[in-house]
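A.B. asks: Can you read through this structure? Questions will come right after.
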Amino acid sequence: MEERNSTEETPRNNALAQRRSKSYRHSMRSCVEATHLTYTSGLLTALRIPRSRKAPKSHDITKQVDPDQVALLVKKEWQLSYVTPLYQFRHTQLKSYSNQLSAFIVSEKQQGLAIEVGQELGFKVNFSVVLGLAETDKDAETVFIQILSKQAFGAKDDAQKVVWSGWLTCVNGDLDYLQSLPLEFVSLPLFCTRGPESLTVLVKSWFEKTFDCCFGPLGINSTNLQWLASLWTGCHPTINIQYLKLVWTLPTLPPMDVTYTVHPQDAWELWDSMRQVDTTEDSISIDEVTGFINGLQSHFFRHFRIDLSAGSLMHISTALGSSHHSGKIKIASPNYIPTILQLLTECALLKMPI
């Protein structure tokens with residue numbers, strides 16, 4: 001069978017599903033997602049959304065985080081990893097860490113390690129703290145890292161350019177877990193990177209040797225992609241999402257990719273119909289998310305007789321951001337950074353080795 005790529009845009013005023021009264025937003029549920037390789041287990045809690053649906057300016061994150069630092073995080077695609085707690089990491093030692101990592105990269109390069117960033121004269125590393133993202137007093141402050149280089153044949157006055165960026169963060173981390181850690185450990189479980197893979201490998205290697213930690217890939221499973229799709233759709237009355245695009249991969253031979261584009265007003269009306277009577281304004285329940293996705297899938301099946309629920313949701317995108325099953329995410333709006341980082345922090349903590 002040839003690979004097919006279908007695109008569907010919803011008509012307005014579809015039949016809307018009946019609201020349900022049962023809510024799980026205050027409980028933790030075990031969820032098992034079937035993939036084409038194995039079964040991935042995890043926990044989902046209620047995902048908070050900003051109260052900015054009616055007054056977004058009052059929750060503008062640039063009022064609590066330096067706008068220049070916010071600009072470093074948004075409108076860029078990041079590759080996600082998880083990292084175990086860092087032993088003897090200190091936010092007061094960031095200048096020392098900058099020098100140590102710089103020396104480590106130069107040393108590895110001198111030993112003949114290929115670093116795929118061109119002809120560089122040298123590397124400089126900057127560690128800095130992004131103040132204001134932490135939601136509780138147990139969350140460690142976010143750490144941002146930049147690697148800069150100057151081209152070997154560049155002019156003397158040429159400024160160094162950023163060749164790699166990364167950051168470690170913890171937003172609304174599980175309190176029981178964070179309180180159980182010995183004082184010598186700092187938990188920054190979510191690691192986001194952007195730049196050559198060779199430099200990412202070096203940075204991870206330095207962290208593992210220096211802070212006795214380990215890294216692992218952090219994918220975003222279908223369930224969490226559904227959460228993000230619901231979150232961004234729920235923002236539509238405040239910030240126009242412009243479109244909602246979802247991509248499923250179906251288990252055919254060869255696999256078939258289906259691209260499903262939804263009119264933003266249609267998506268929001270369906271989402272609003274799923275909002276439960278007893279749901280608080282700043283929470284999303286798992287039932288609401290499931291009902292929303294089922295409504296989209298049912299509409300597609302009526303038109304094309306293709307059951308999307310038989311496949312895996314691989315990619316979602318709106319004007320507010322995009323996310324991919326492989327662990328890539330782009331956040332386009334600073335208003336929703338804390339909410340998204342809360343979800344990703346939870347995903348990272350759930351991936352920790354036992």
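For (1) within 25 Å of the chain's Cα centre (by Cα); (2) β-branched (Val, Ile, Thr), each residue gets a yes or a no:
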position: Gln242; (1), (2): yes, no
position: Leu253; (1), (2): no, no
position: Pro264; (1), (2): yes, no
position: Ala267; (1), (2): yes, no
position: Glu288; (1), (2): yes, no
position: Ile293; (1), (2): yes, yes
position: Arg302; (1), (2): no, no
position: Arg305; (1), (2): no, no
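A.B. asks: I need the full set of residues from the stretch 185-205 which are surrounded by fewer than 19 Cβ atoms within 10 Å (Cβ to Cβ), hydrophobic (A, V, I, L, M, F, W, C) and under 20 Å from Lys109 (Cα atoms), in order please.
C.D. replies: Val201
A.B. asks: Of all residues in the stretch 117-163, which are at pLDDT 85 or above, among the small types (Gly, Ala, Ser) and in contact with a Leu (Cβ under 9 Å, 6 or more places away or on another chain)?
C.D. replies: Ser128, Ala140, Ser149
A.B. asks: Specify the residue that is modelled with the lowest pLDDT; the eligible residues are those in the stretch 105-116 that are in a helix (DSSP H, G or I) and under 17 Å from Glu197 (Cβ atoms).
C.D. replies: First pass over the stretch 105-116, keeping only residues in a helix (DSSP H, G or I): 105-110.
So of that shortlist, the ones also under 17 Å from Glu197 (Cβ atoms) come out as 105, 108-109.
Numbers: Ile105: 91, Glu108: 86, Lys109: 80.
Top of the filtered list is Lys109.
A.B. asks: Scanning for something more than 25 Å from Val201 (Cβ to Cβ) and not in a helix (DSSP H, G or I), does the stretch 73-94 turn up at least one residue?
C.D. replies: Filtering the stretch 73-94 down to residues more than 25 Å from Val201 (Cβ to Cβ) leaves 74-75, 92.
Then drop every residue that is not not in a helix (DSSP H, G or I), which leaves 74-75.
Yes, the conditions are met somewhere in the stretch 73-94.
A.B. asks: Follow-up question, since we're still on this one. Within the stretch 205-250, track down each residue that is free of Cβ contacts under 8 Å to residues at least 40 places away in the same chain and assigned by TED's automatic domain parsing to the domain that holds Ser333.
C.D. replies: His236
A.B. asks: Where in the stretch 251-354 are the helices (runs of 4 or more DSSP H), entirely inside, with at least 1 residues that are charged (D, E, K, R), assigned by TED's automatic domain parsing to the domain that holds Gln69 and closer than 22 Å to Ala134 by Cα? It would help to see each step written out before you state the result.
C.D. replies: On the way: elements: 264-274, 286-304, 337-350.
In the stretch 251-354, the matching helices (runs of 4 or more DSSP H) lie at 337-350.
A.B. asks: Can you name every residue in the stretch 310-325 that is surrounded by fewer than 22 Cβ atoms within 10 Å (Cβ to Cβ) and within 11 Å of the chain's Cα centre (by Cα)?
C.D. replies: Ser322, His324, His325
A.B. asks: Only one residue in Thr238, Thr233, Thr193 is of a type in the set (Ser, Thr, Tyr), in contact with a helix residue (DSSP H, G or I) (Cβ under 6 Å, 6 or more places away or on another chain) and in a loop (DSSP other than H, G, I, E, B). Which one? Before you say what the answer is, go through the steps one by one.
C.D. replies: Working: Thr233 fails: in a loop (DSSP other than H, G, I, E, B); Thr193 fails: in a loop (DSSP other than H, G, I, E, B).
Result: Thr238 is the single residue among Thr238, Thr233, Thr193 that is of a type in the set (Ser, Thr, Tyr), in contact with a helix residue (DSSP H, G or I) (Cβ under 6 Å, 6 or more places away or on another chain) and in a loop (DSSP other than H, G, I, E, B).
A.B. asks: Sticking with this structure for a sec: Given the condition modelled with pLDDT of 95 or more, out of contact with any Leu (no Cβ under 7 Å at 6 or more places or on another chain), of a type in the set (Val, Ile, Thr) and in a strand (DSSP E or B), answer yes or no: does some residue in the stretch 164-186 qualify?
C.D. replies: No: zero hits.
A.B. asks: Next question, about the same structure. In the stretch 44-92, which residue that is modelled with pLDDT of 90 or more and basic (Lys, Arg) is farthest from Thr223 (Cα to Cα)? Step through it out loud before you land on a result.
C.D. replies: Here is the first cut: in the stretch 44-92, the ones modelled with pLDDT of 90 or more are 65-92.
Keeping just the survivors that are basic (Lys, Arg) gives 75-76, 90.
Values: Lys75: 24, Lys76: 23, Arg90: 35 Å.
Ranking the qualifying residues of the stretch 44-92, first place goes to Arg90.
The values are calculated or read from the model by the stated rules, or taken from the named source; none is laboratory data. Predicted model only: the values in this text are computed from it and were never measured. A quick note on method: Cβ atoms are made from the backbone with ideal geometry, for glycine too, and the neighbour counts reach across all protein chains shown.
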